[in-house]
1. From the list 53, 47, 118, which residue is farther than 24 Å from residue 8 by Cα, in contact (Cβ under 8 Å) with a residue 12 or more places away in the chain and either in contact with a helix residue (DSSP H, G or I) (Cβ under 8 Å, 6 or more places away or on another chain) or not in a helix (DSSP H, G or I) (or both)?
2. It is to be established whether one or more residues within the stretch 22-43 are under 18 Å from residue 85 (Cβ atoms) and loosely packed, with under 14 Cβ neighbours inside 10 Å.
3. Whether any residue in the stretch 72-87 is more than 21 Å from residue 24 (Cα to Cα), in contact with a helix residue (DSSP H, G or I) (Cβ under 7 Å, 6 or more places away or on another chain), outside the structural domain of residue 33 (by TED's automatic domain parsing) and outside any helix (DSSP H, G or I) is what I want to check.
4. Against the definition (on the phi > 0 side of the Ramachandran plot and either part of a helix (DSSP H, G or I) or not assigned by TED's automatic domain parsing to the domain that holds residue 86 (or both)), how does residue 17 come out, yes or no?
5. Checking the condition at pLDDT below 95 and either touching a strand residue (DSSP E or B) at 6+ places or on another chain (Cβ under 6 Å) or under 28 Å from residue 115 (Cβ atoms) (or both), which residue from 14, 2 passes?
């Protein structure tokens, strides 16, 4: 049984993993996400974190495989848009972005920033 305390601990670990990944400590972030998935294989947040760790190291196919196994929502679509944008696959990124752009969610705004950044490069 997962208690509230356990859920809070897991949430904190996922946040730590994301922060580590964004600060360049991808190896340890990835290990954390993999360990969380060993503990609970269907942990969506850890899967998203693992996919993000793959995107930041240009392992786009691996990231896409992880994301394809998850249900489609703003989080998965945003990460797919980010991945496609970094690969300069603008048409497909824009096509996916249309599914979330009207929601004005943080995920949609982040995806838009990556699309704009990639277009400028």
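The values are calculated or read from the model by the stated rules, or taken from the named source; none is laboratory data. Nothing here was measured: the structure is a model prediction, and the numbers come from that model. In this analysis, Cβ positions are derived from the backbone assuming ideal geometry, glycine residues included, and neighbour counts consider all displayed protein chains.
1. Numbers: 53 fails: farther than 24 Å from residue 8 by Cα; 47 fails: farther than 24 Å from residue 8 by Cα.
That would be 118, the only listed residue that is farther than 24 Å from residue 8 by Cα, in contact (Cβ under 8 Å) with a residue 12 or more places away in the chain and either in contact with a helix residue (DSSP H, G or I) (Cβ under 8 Å, 6 or more places away or on another chain) or not in a helix (DSSP H, G or I) (or both).
2. At the first step, the residues of the stretch 22-43 found to be under 18 Å from residue 85 (Cβ atoms) are 22.
Narrowing the set further to residues that are loosely packed, with under 14 Cβ neighbours inside 10 Å leaves 22.
There is at least one residue in the stretch 22-43 that is under 18 Å from residue 85 (Cβ atoms) and loosely packed, with under 14 Cβ neighbours inside 10 Å.
3. no
4. Details: on the phi > 0 side of the Ramachandran plot: no; either part of a helix (DSSP H, G or I) or not assigned by TED's automatic domain parsing to the domain that holds residue 86 (or both): yes.
When the stated conditions are applied, residue 17 does not pass them.
5. Numbers: 2 fails: either touching a strand residue (DSSP E or B) at 6+ places or on another chain (Cβ under 6 Å) or under 28 Å from residue 115 (Cβ atoms) (or both).
So the residue among 14, 2 that is at pLDDT below 95 and either touching a strand residue (DSSP E or B) at 6+ places or on another chain (Cβ under 6 Å) or under 28 Å from residue 115 (Cβ atoms) (or both) is 14.
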